[in-house]
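Okay, so here's the structure we're looking at.
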Amino acid sequence: QVELVESGGGLVQAGGSLTLSCVVSGSIFSINAMGWYRQAPGNQRELVAGTISSGGTRYGDSVKGRFTISRDNAKNTVYLQMNSLKPEDTAVYYCNVDAFVTRWERNSYWGQGTQVTVSS
């Protein structure tokens, strides 16, 4: 089965930076897209950043200009560089991959989440 493991979360002061990593393992035929989502208490899960195989990227309005998503295909890893962090960025961050397990079976997979807390 496909498994995603996030790391890099923690406590940081406002204005600081963190880098999240997500390692994808398991049997995968091809990856269509990878992304980061977050969910704060009382809120719905929202898109933070996404990337497709061609290299295109998309960012949530609240993080544009501050966060950067990148991939290392050789390591099957996706990163989220977070700069100029604000208290409102506090949330559990989840990695997601949209992939074909075989030529015919496509699924979306989620990591377990990593907590990011930004203090004022």
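The values are calculated or read from the model by the stated rules, or taken from the named source; none is laboratory data. Here the structure is a predicted model, which is why all the values come from computation and not from measurement. Glycine also receives a Cβ, built like all others from the backbone with ideal geometry; neighbour counts cover every protein chain displayed. Note: accessible area is taken over every heavy atom of the protein model, side chains too, but ligands, DNA and RNA are not part of it. Shrake-Rupley method; radii C 1.70, N 1.55, O 1.52, S 1.80 Å.
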Calculated from backbone phi, Karplus (6.51, -1.76, 1.60) coupling profile of the range 36-43 in Hz, x at Gly/Pro = 10, 10, 9, 9, 9, x, x, 10
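Per Stokes-Einstein, at 25 °C and 0.890 mPa s, what whole-number D in µm² s⁻¹ belongs to the chain, with the Kirkwood radius over Cα pairs as the hydrodynamic radius? Walk me through the intermediate numbers first.
Values: Rh = 14.5 Å.
Diffusion coefficient, whole number: 169 µm²/s.
Accessible area per residue for the chain in Å², computed with a 1.4 Å probe and the full protein assembly in place, what is it? It would help to have the intermediate numbers written out before the result.
Values: 6570 Å² over 120 residues.
About 55 Å² of surface per residue is accessible.
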Taking the dipole of the chain about the Cα centre (Lys, Arg +1; Asp, Glu -1; charges at Cβ), the one of Val101, Gly111, Gly65 that reaches farthest to the positive side is Gly65
In whole angstrom, how far apart do the alpha carbon centroids of the range 55-111 and the range 1-34 sit?
-> 7 Å
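Please give the FRET efficiency for Ser30 paired with Ser120, using the beta carbon to beta carbon distance and R0 = 30 Å, rounded to the nearest 0.05.
On the way: r = 43 Å, r/R0 = 1.43.
Taking R0 as 30 Å, the efficiency between Ser30 and Ser120 is 0.10.
Please list Lys64, Lys86 in order of solvent-accessible area, largest first, computed with a 1.4 Å probe with all protein chains present.
Numbers: Lys64 120, Lys86 85 Å².
Most to least solvent-accessible, the answer reads Lys64, Lys86.
Quantify, in whole percent, the carbon and sulfur part of the accessible surface of the range 22-78 (1.4 Å probe; protein heavy atoms only). Could you put the intermediate results ahead of the total?
On the way: 1480 of 3250 Å².
Roughly 46 percent of what the probe reaches on the range 22-78 is carbon or sulfur.
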With only Lys, Arg, Asp and Glu charged, each at its Cβ (+1 for the first two, -1 for the last two), find how big the charge dipole of the chain is about the Cα centre; round to the nearest 20 debye.
-> 200 debye
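How big is the antiparallel share of DSSP beta bridges in the chain, given as a percent to the nearest 5? If you can, show how the numbers build up before the last one.
Details: 43 of 47 bridges.
Antiparallel: roughly 90 percent of the beta bridges in the chain.
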